[in-house]
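The structure appears right after this line, and notes come after that.
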């Protein structure tokens, strides 16, 4: 069972890699505000695949799609957040430093 679940997480990494390509292209073509809709669509897809996986209660191709969609959604939100930080603030290093500090503290607390 552990072996199958770890194989499913390979697709999480594939989703992370694809998210950079998808989100960067979407931001370039549509702009940052309209690219938020793509984040929402990715989240809805990931949440619905999670519900489907929970209902089936077995590792199959839907589990792999689930992990891939969560990787895609996670990467898209990270790319979008970092893009906003890079373009919005004058000082590039301070914005990223504060973001990483808060992200690290949140991971420690939760």
Connecting C-alpha atoms closer than 10 Å in a GNM of the chain, tell me which of 100, 44, 54 has the biggest fluctuation.
100
Comparing 32, 93, 63 in a Gaussian network model of the chain (Cα, 10 Å), the one with the largest mean-square fluctuation is 93
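Work out how much length residue 62 to residue 92 would gain on full extension: take 0.36 nm times their residue separation and subtract the Cα-Cα distance, in nm to one decimal. Kindly include the intermediate steps, with their values, before the conclusion.
On the way: separation 30, 0.36 × 30 = 10.80 nm, distance 4.03 nm.
Additional length available on full extension: 6.8 nm.
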Under a GNM of the chain (C-alpha, springs under 10 Å), which listed residue has the highest mean-square fluctuation: 37, 72, 82?
37
Tilt of helix 32-56 relative to the longest C-alpha principal axis of the chain, in degrees (0 to 90, nearest 10)?
20
Could you tell me how many degrees, from 0 to 90 and to the nearest 10, lie between the Cα long axis of helix 10-30 and the main elongation axis, the longest principal axis, of the Cα atoms of the chain?
40
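Say R0 is 35 Å: what FRET efficiency, to the nearest 0.05, do residue 84 and residue 9 get from their beta-carbon distance? It would help to have the intermediate numbers written out before the result.
Details: r = 28 Å, r/R0 = 0.80.
Once rounded, the FRET efficiency stands at 0.80.
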Between helix 92-109 and the chain, what is the angle of the helix's C-alpha long axis to the longest principal axis, kept within 0 to 90° and rounded to the nearest 10?
40
In the stretch 2-109, what is the volume of the convex hull around the alpha carbon atoms, normalised per residue and reported in Å³?
117
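Computed from the coordinates by the stated procedures, all read-outs in this text should not be read as laboratory data. The structure presented is a predicted model; accordingly, all values stated were derived computationally and were not measured. Ideal geometry is used to build each Cβ from the backbone, glycine not excepted, and the neighbour counts take in all protein chains shown.
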